[in-house]
């Protein structure tokens, strides 16, 4: 799976968790909670959605890496199995 595909899927998961968010207005490098109403429960649901979609174990200590769209995509890319694809 290529990085642009991962970013697209991460963005899709984010807008599923926070449907009021305009995907086109998200600054991928800024923390999500600084851009819109994205609270700790949203962050937890986002981490769970990433975990399920990509087949990753995401420990709570790594949640800070998921704070921005870019950070989440980079985390997924770095932790995908050697084959590079989601299950």
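Values in this text are rule-based calculations from the coordinates and carry no lab data. The shown structure was predicted, so the numbers you read here are calculated from the model rather than taken from an experiment. Glycine gets a Cβ as well: all are built from the backbone with ideal geometry, and neighbour counts include every protein chain shown.
Just one of (1) over 21 Å from residue 80 (Cβ atoms); (2) out of contact with any strand residue (DSSP E or B) (no Cβ under 7 Å at 6 or more places or on another chain) trips up residue 31, so point out which.
In the conditions (1) over 21 Å from residue 80 (Cβ atoms); (2) out of contact with any strand residue (DSSP E or B) (no Cβ under 7 Å at 6 or more places or on another chain), residue 31 misses (2) alone.
Could you tell me whether any residue of the stretch 42-61 is over 24 Å from residue 81 (Cβ atoms) and out of contact with any helix residue (DSSP H, G or I) (no Cβ under 9 Å at 6 or more places or on another chain)?
Checking the stretch 42-61: not a single residue is over 24 Å from residue 81 (Cβ atoms) and out of contact with any helix residue (DSSP H, G or I) (no Cβ under 9 Å at 6 or more places or on another chain).
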